[in-house]
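Working notes for the structure below.
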Amino acid sequence: MNIIKTKNAPGAIGPYSQGYEANGFVFTSGQIAIIPENGEIPNGIHAQANQCCKNVGAILEAGGCGYENVIKTTCFLANMEDFSVFNEIYANYFTSKPARSCVAVKELPKGVLCEIEAIAVK
């Protein structure tokens, strides 16, 4: 098992790793819309969904793969009314259409609107 760490995605804000590579798979921790360069969170579901996808992509890249290698995602939304906008942004990144779960949750860290985690095969 190898810990994945990259400065191109937000650092862990708790006792966890950005991701792990194990037995040919890459597992990302849930990524929220923190801009890694400045720690800021963009406003609105459109900008936040884009940033979540970019953060997942940076961890995938650091683990030796890309969006096309993703076989499963789990997506969390603070409000299901954002589902259609979230889907629109998500589809631009995860073009191979991996298996996915998408659920609404009561709240997410730092008050963000969405979070994405992924499993990829190398």
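The number of residues in the stretch 88-108 that are open to solvent by less than 60 Å² (accessible area, probe 1.4 Å) and out of contact with any helix residue (DSSP H, G or I) (no Cβ under 9 Å at 6 or more places or on another chain) comes to 5. In this structure, is Thr95 assigned to a loop (DSSP other than H, G, I, E, B), within 15 Å of the chain's Cα centre (by Cα) and among the polar types (S, T, N, Q)? Taking the combined requirement at face value, the residue satisfies it.
The set of residues in the stretch 6-39 that are in contact with a strand residue (DSSP E or B) (Cβ under 8 Å, 6 or more places away or on another chain) and open to solvent by 50 Å² or more (accessible area, probe 1.4 Å) comprises Tyr20, Phe25, Phe27. Among the residues making up the stretch 40-52, a single one is surrounded by fewer than 22 Cβ atoms within 10 Å (Cβ to Cβ) and within 23 Å of Ile71 (Cα to Cα): Asn50. Gly11 meets the conditions (1) at pLDDT below 95; (2) under 12 Å from the mean Cα position of the chain (by Cα) in every case but one. The failed one is (2). Look at the stretch 57-77: where a residue is touching a residue at least 24 places away in the same chain (Cβ under 8 Å), no partner that is among the charged types (D, E, K, R) and open to solvent by less than 20 Å² (accessible area, probe 1.4 Å) sits 6+ places away or on another chain with Cβ atoms under 8 Å.
Looking only at the stretch 98-122, residues that are in a strand (DSSP E or B), charged (D, E, K, R) and under 19 Å from Ile35 (Cβ atoms) come to 2 in all.
The values are calculated or read from the model by the stated rules, or taken from the named source; none is laboratory data. Note that this is a predicted model, so its numbers are computed, not measured. Cβ coordinates were reconstructed from backbone atoms using ideal geometry, including for glycine residues, and neighbour counts include every protein chain displayed. What goes into the accessible areas is simple: the full protein's heavy atoms, side chains included, and nothing from ligands, DNA or RNA. Shrake-Rupley method; radii C 1.70, N 1.55, O 1.52, S 1.80 Å.
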